[in-house]
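Take a look at the structure set out below.
The values are calculated or read from the model by the stated rules, or taken from the named source; none is laboratory data. For clarity, every value in this text was computed on a predicted model and none was experimentally measured. Note: ideal-geometry Cβ built from the backbone for every residue, glycine included; neighbour counts use all protein chains shown.
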Amino acid sequence: MKNVRGKFRKTIILTLVAAMMISLCSCGKKKKSDKEMKDITLVLDWTPNTNHTGFYVALSEGYYEDAGLNVTIIQPPEDGATMMVASGDAEFGIDFQDYLAPVYTSEDDIPVTAVAAILQHNTSGIISLKEDDIATPKGLEGKNYATWSLPVEQAMIENIVEADGGDYSKVNLIPEYVTDEVAALKQDIDAIWVYYAWAGIATEIAGLDTNMIYFKDITPEFDYYSPVIISNTDWLAENEDTAKAFLEATKKGYEYAIDNPDKAAEILCKEVPELDEELVKKSQEWISGEYKAEVARWGYIDKSRWDAFYKWLSDNNLSDEIPSGYGFTNDYLPE
């Protein structure tokens, strides 16, 4: 009996030692448990596209997981991402600098801050068929422009037409929210405001011969940030390390897309299989050079450019004055 008890005791000790060794090995690998992972919700501005590739790369390649983050990407509700972020229902979202102006001038205290630029320059503008001869903004005279009927939008169109020596009153404003640019240009619409990386590339694939007028090339103040990553201002103050970890992992995703556009396109198509593969690949090739453009630091927002657009809005009575430097920060960006 004594020998049996001794052998039993020895077995127990060996088992406990083995368990401790396994535990120590696990700690050495720093494997994160589910309890250590922090949940992050990112709400997009629209359906997934190549503006968002970096997020999906970071998700697919494990950059978020490595940072201790459990990231869920969702599409926006009807009122957009900003209100979800402001209410605390999402930690991060995507919006555009022009759409944020009413948020920053609202009588209500809406706690939203832009924390990174997805693209360094405004890649939107007016697209038209070459046969319609709209090579410059003045060419919009007498042509049908599909308008969203937004004051800022129409003021920008007026600005570029007048800057080119044209008469804005001669532009035919057709209230229409275009969802199929190719079909619209083939029918009764002559000119549409588009973001070239997606809708512009779609016209290329369709074989249309087009002219593209970029707003930033006409009026420097229109080179605003579009789109940007936003977060809840109060959440940022309380979760600095988590915010920085999210942006660090996101940066890795976008830099991967910059260096590997073909592979990044494949990842986006795998993560969002309903996307058109040809459109994604051509769009990714075009937009990968726009994520950082000439700057060294992904996500960087230049104060002078940020302020210039908001000053233009207030100078033209399109917005109340927004204080210099208000509404954005580079403090959470990785170096």
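The condition of being at pLDDT below 85 and over 22 Å from I287 (Cβ atoms) holds for only one of K38, K29, that being K29.
Give the residues of segment 83-131 that are in a loop (DSSP other than H, G, I, E, B), small (G, A, S) and under 14 Å from the mean Cα position of the chain (by Cα), sorted by residue number. Selection gives nothing.
For every residue, the table says whether it meets (1) among the hydrophobic types (A, V, I, L, M, F, W, C); (2) surrounded by fewer than 22 Cβ atoms within 10 Å (Cβ to Cβ).
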site: P76; (1), (2): no, yes
site: D79; (1), (2): no, yes
site: F92; (1), (2): yes, no
site: Y104; (1), (2): no, yes
site: L119; (1), (2): yes, yes
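Taking segment 132-166, which residues are in a helix (DSSP H, G or I) and either farther than 30 Å from G207 by Cβ or assigned by TED's automatic domain parsing to the domain that holds P102 (or both)? P151, V152, Q154, A155, E158, N159, E162, A163, listed by residue number. Has segment 58-70 got at least one residue that is in contact with a strand residue (DSSP E or B) (Cβ under 7 Å, 6 or more places away or on another chain) and either over 22 Å from W298 (Cα atoms) or surrounded by fewer than 20 Cβ atoms within 10 Å (Cβ to Cβ) (or both)? So far as segment 58-70 goes, yes, one or more of its residues are in contact with a strand residue (DSSP E or B) (Cβ under 7 Å, 6 or more places away or on another chain) and either over 22 Å from W298 (Cα atoms) or surrounded by fewer than 20 Cβ atoms within 10 Å (Cβ to Cβ) (or both). Checked against (1) surrounded by 17 or more Cβ atoms within 10 Å (Cβ to Cβ); (2) under 26 Å from A245 (Cβ atoms), V295 meets all criteria but (1).
Summed over segment 61-82, the residues that are free of Cβ contacts under 8 Å to residues at least 60 places away in the same chain and assigned to a loop (DSSP other than H, G, I, E, B) give a count of 7. Annotation note: of V272, V228, V280, the sole residue that is modelled with pLDDT of 95 or more and surrounded by fewer than 20 Cβ atoms within 10 Å (Cβ to Cβ) is V272. Just the residues that are within 24 Å of L268 (Cβ to Cβ) and modelled with pLDDT of 95 or more, please, taken from segment 179-192. Listed by number, the residues that qualify are D180, E181, V182. Out of the residues in segment 165-180 that are over 11 Å from N144 (Cα atoms) and of a type in the set (D, E, K, R), which is farthest from the chain's Cα centre (by Cα)? The extreme case among them is D167. Just one of the listed residues (S283, S226) is of a type outside the set (A, V, I, L, M, F, W, C), part of a helix (DSSP H, G or I) and either free of Cβ contacts under 8 Å to residues at least 24 places away in the same chain or in contact with a Phe, Trp or Tyr (Cβ under 8 Å, 6 or more places away or on another chain) (or both), and it is S283.
Looking across segment 231-262 at every residue that is of a type in the set (A, V, I, L, M) and in contact with a helix residue (DSSP H, G or I) (Cβ under 7 Å, 6 or more places away or on another chain), the one that is surrounded by the fewest Cβ atoms within 10 Å (Cβ to Cβ) is identified as L236.
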